[in-house]
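Engineer: Mind having a look at this structure? Questions to follow.
The values are calculated or read from the model by the stated rules, or taken from the named source; none is laboratory data. Every value quoted in this text rests on a predicted model; they were computed, and no experiment measured them. Cβ placement follows ideal geometry from the backbone for every residue including glycine, while neighbour counts extend to all protein chains displayed. Heavy atoms of the whole protein, side chains included, go into the accessibility calculation; ligands, DNA and RNA do not. Shrake-Rupley method; radii C 1.70, N 1.55, O 1.52, S 1.80 Å.
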Amino acid sequence: MSRRSRYLLKNTVSFALGKFGTRLISFFLVPLYTYALLTEEYGTVDLISTVCTVVMPILILNISEAVMRFCLDHGADHKKIMSTGLLLLVFATGLGALLTPILYLFPSFSGYMWLIYAYVISMAYSQVFLCYLRGQEKLTAYSIGSILHTASAAGLNILFLVVLHWGIQGYLLAYVLSNVITAVYAAAAGRVDQAVKAFGLDRELSKAMIRFSVVLIPNTFMWWIINSSDRVMVTAFIGAAANGIYAVSYKIPSLLSTVSEVFNQAWLYSAIREKNSADETAYHNAIYHNMVQALVIVTAGVMMVIKPFLGLYVAPEYESAWRYTPYLLIGFLFLSLATFLATSYSMHKDSLGFLLSSIMGAGVNLVLNLLLIPALGVSGAALATCASYVAVFLFRAVHTRKYIHIRILRWKHLLCYGLLIAMGALLFVQGVIGQVLLVVLFLAVLALSREFPEMLVRSIVKKVKNHGK
């Protein structure tokens, strides 16, 4: 195994330990939520979480991303970088308290006003400190922090929802406390105290960090439109109960995004290290090809089992969520590939590229949501999300050619995408025939993408043989 492969594998394993641990815990929490909360309540907490997720980076000027990226530069002064992050955290804490009374204007949120404030601020501290760990390449500590966050949220949710029956307030309080626990751990593991003791701002560095992160604020809002505006519109047009079911349909595709997110996070470190190498373009294309094969296999496998699985996984009133997963699964596949392409933006600190591609996706999503949700209901929202992810992928495939030329039109890739669309259509065929055809198409996808599993098997066999010598 080459040096670059060992480095990529090491980082992938480090991220996988944390990401898969957190997603597995979250995955098994869904049945708890669906049994402990009514569909209307689950729709409400999902909406609150969605809004908080977009408000938080805006409030801190997305400085967490700048902290991570600038720390990765060779010879970076981590303490000065963290000083800028700390300053913006303190500013966000005060500004958030001043703005929180605005929630009185929204009946769905007013009863949880200060819990929402605590949720946003605690999330901000935990994210900045976790990104500081990533910037220092303390990836094992970062993974432990991610697992700690989800495990503590799970334990507290069981206590507050199942034992104490605190409903929405219990859900929010569980996440506030888990954010606090994670922030304390990450601050200790990253030695944030040293940055506090040596606090000092480098004006030029701070300006560069803020320039990089500020451009990402509208980018964050655009991604909120892409990922979350459909939740708001489904709630407005159809109701909170429908949004609760739609939220469940997101959980399965999110597992696919977890696989790619783990790899893309690790790939960023390798891409930065291999920047300007002699075979940079060939290396990127080889990794991209393997990633496509892995993603289509996973996506096809999930489509094959999604209907019977949901019958066992969630409460009966949520089972109809399978109707929306084909659109979301295909959409998340292209989102994963778009994230891979966006590595070029991170390598070159091109935050404008992130913004332009997200504007494209947000525009497609917003227009299609307005057109399709009234006509098709929740299916329209899922279809709009899928189309917006594809739009982002296509934009980045063209726009990033100024850095790296990735071949996205390989015939095997296109044929696999066609088979996935056919599998999505077959999900609506009832009975044994539909399920048998799904298995047949899955085997076809596996045959077309056999290079990836064969490569894995060869690598494992070689490693076992070398270990035995």
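Engineer: Does TYR175 satisfy the condition of being of a type in the set (Phe, Trp, Tyr), at pLDDT below 90, farther than 15 Å from HIS78 by Cβ and in contact with a helix residue (DSSP H, G or I) (Cβ under 7 Å, 6 or more places away or on another chain)?
Structural biologist: no
Engineer: Which of the following residues is assigned to a helix (DSSP H, G or I) and free of Cβ contacts under 8 Å to residues at least 40 places away in the same chain: MET291, MET360?
Structural biologist: Unique residue meeting the criteria: MET360.
Engineer: Hey, can you tell me all the residues within region 291-313 that are of a type outside the set (A, V, I, L, M) and open to solvent by 40 Å² or more (accessible area, probe 1.4 Å)?
Structural biologist: LYS307, PRO308, PHE309
Engineer: It is to be established whether one or more residues within region 314-335 are surrounded by 19 or more Cβ atoms within 10 Å (Cβ to Cβ) and under 28 Å from ILE210 (Cα atoms).
Structural biologist: Yes - at least one qualifying residue is present in region 314-335.
Engineer: Would you be able to tell me the number of residues in region 57-75 that are under 27 Å from LYS275 (Cα atoms) and touching a residue at least 40 places away in the same chain (Cβ under 8 Å)?
Structural biologist: Of the residues in that region, 11 qualify.
Engineer: A follow-up question, please. Give me the residue from region 231-284 that is free of Cβ contacts under 8 Å to residues at least 60 places away in the same chain and of a type in the set (Gly, Ala, Ser) and, out of that set, nearest to PHE109 (Cα to Cα).
Structural biologist: Ranking the qualifying residues of region 231-284, first place goes to ALA236.
Engineer: Now, a different point. Have a look at SER320, SER277 and point out the one that is part of a helix (DSSP H, G or I) and either over 18 Å from the mean Cα position of the chain (by Cα) or not acidic (Asp, Glu) (or both).
Structural biologist: SER320
Engineer: Here are some conditions: (1) in a helix (DSSP H, G or I); (2) of a type outside the set (D, E, K, R); (3) surrounded by fewer than 16 Cβ atoms within 10 Å (Cβ to Cβ). HIS165 meets all but one. Which one does it not meet?
Structural biologist: The failed condition is (1).
Engineer: Applying the selection to region 134-143, what residues are on the phi < 0 side of the Ramachandran plot and over 18 Å from the mean Cα position of the chain (by Cα)?
Structural biologist: GLY135, GLN136, LYS138, THR140, ALA141, listed by residue number.
Engineer: Out of curiosity, is SER213 among the hydroxyl-bearing types (Ser, Thr, Tyr) and at pLDDT below 90?
Structural biologist: yes
Engineer: Considering only region 57-69, state which residues are open to solvent by less than 20 Å² (accessible area, probe 1.4 Å) and either more than 21 Å from SER346 (Cα to Cα) or assigned to a helix (DSSP H, G or I) (or both).
Structural biologist: Matches in region 57-69: PRO57, ILE63, SER64, ALA66, VAL67, MET68, ARG69.
Engineer: Could you list, ordered by first residue, the pairs with Cβ atoms under 8 Å in which the first is in region 153-165 and of a type in the set (A, V, I, L, M) and the second is not in a helix (DSSP H, G or I), at least 6 apart or interchain?
Structural biologist: Every condition considered, the pairs that remain are LEU161/LEU37.
Engineer: Taking the conditions exactly as written (assigned to a helix (DSSP H, G or I), touching a Ser or Thr at 6+ places or on another chain (Cβ under 8 Å) and of a type in the set (Gly, Ala, Ser)), does GLY85 satisfy them or not?
Structural biologist: yes
Let's see how each residue does on (1) more than 15 Å from ALA187 (Cβ to Cβ); (2) in a helix (DSSP H, G or I); (3) open to solvent by 20 Å² or more (accessible area, probe 1.4 Å):
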residue: LEU99; (1), (2), (3): yes, yes, yes
residue: PHE109; (1), (2), (3): yes, yes, yes
residue: CYS131; (1), (2), (3): no, yes, no
residue: THR140; (1), (2), (3): yes, yes, yes
residue: LEU172; (1), (2), (3): yes, yes, no
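Engineer: Additional query: Identify, please: which residue in region 188-226 is open to solvent by 30 Å² or more (accessible area, probe 1.4 Å), outside any helix (DSSP H, G or I) and in contact (Cβ under 8 Å) with a residue 24 or more places away in the chain and is, among those, farthest from ALA381 (Cα to Cα)?
Structural biologist: Looking at the filtered set, the residue picked out is ALA198.
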